[in-house]
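The values are calculated or read from the model by the stated rules, or taken from the named source; none is laboratory data. Only a predicted model underlies this, so the values are computations on that prediction, with no experimental measurement involved. Note: ideal-geometry Cβ built from the backbone for every residue, glycine included; neighbour counts use all protein chains shown. With ligands, DNA and RNA removed, areas are computed over all heavy atoms of the protein, side chains included. Shrake-Rupley method; radii C 1.70, N 1.55, O 1.52, S 1.80 Å.
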Amino acid sequence: MKRICVFCGSSPGARPEYARAADRLGALLAQAKIGLVFGGGKVGLMGRLARAVLAGGGEVIGVIPRELYDKQVAMAGLADLRVVGTMHERKALMAELADGFMALPGGLGTLEEIFEMLTWAQLGMHGKPCGLLDVAGYFTPLLAFLDRVAEQGFIDRAHRSMILSGADPQELLRRFDLYEPPAADKAAWALNLGDA
């Protein structure tokens, strides 16, 4: 794995554990020589994570839409900051650059981004690992909800298994290395359900 795209909050969040997790993940990525692809911002967990990777001598690629760049939220001094036209272009480029996708705690943008990557994986558009770093139980209710979604027949259990999670960033990175995408066909699964 050469690069991981990490989606996370442009806010630091309410608990100090979130910032510590960003620092630890950044140090681990740099130590493992895994580059970071991120949203290009200097603020919140996003900026904290990028600074941690840079402090460890790691590669950081920022991808930011022009509108946010113009609002001066971009991280200054990045050797590789790519300014794109739209949020859609941002996600497409991030997906192209990364070998896996991880989310740290964040808000609507973080959730939308990781779920888009999961949707693409479910549809067979990529076979890259996707995971949630469950810092201080932040994602635990979401993971329980996803279990319910599978129980209620809205996603195949094989697709639910694509969503890796863990509280320890080193262990989650190890699971990324071992990841094999499930051999599940979303279209065939949906067609087998019929029109109830």
(request) Answer rounded, prolate or oblate for the range 38-111, using the Cα gyration tensor with square roots of eigenvalues a ≥ b ≥ c: rounded when a/c is under 1.5, else prolate when a/b is larger than b/c, else oblate. (result) rounded
(message) Within 12 Å, Cβ to Cβ, of residue 87, how many net charges do the neighbouring residues add up to if Lys/Arg are +1 and Asp/Glu are -1?
(response) -2
(request) Just add up the charged neighbours of residue 51: K/R +1, D/E -1, any other residue whose Cβ is under 12 Å from the Cβ of residue 51. (result) +1
(request) Using the heavy atoms of the protein chains and a 1.4 angstrom probe, tell me the accessible area per residue for the chain in square angstrom. (result) 50
(request) Return, for the Cα atoms of the range 106-173, the radius of gyration and Dmax in Å, separated by a comma. (result) 11.9, 32
(request) Would you work out the charge dipole size for the chain about its Cα centre, treating the Cβ of every Lys and Arg as +1 and the Cβ of every Asp and Glu as -1, and quote it to the nearest 20 debye? (result) 560
(request) Could you tally the net charge around residue 37, taking each other residue with its Cβ under 13 Å from the Cβ of residue 37, Lys/Arg +1 and Asp/Glu -1? (result) +1
(message) Just want the answer: with Cβ charges of +1 for Lys and Arg and -1 for Asp and Glu, which residue in 114, 4, 28 is farthest toward the dipole's positive end in the chain?
(response) 28
(request) With the full set of protein chains in place, find how many percent of the accessible area of the chain is carbon and sulfur; take the probe as 1.4 Å. (result) 55
(message) If you average the alpha carbon positions of the range 21-48 and of the range 102-176, how far apart do those two centres end up, in angstrom?
(response) 19
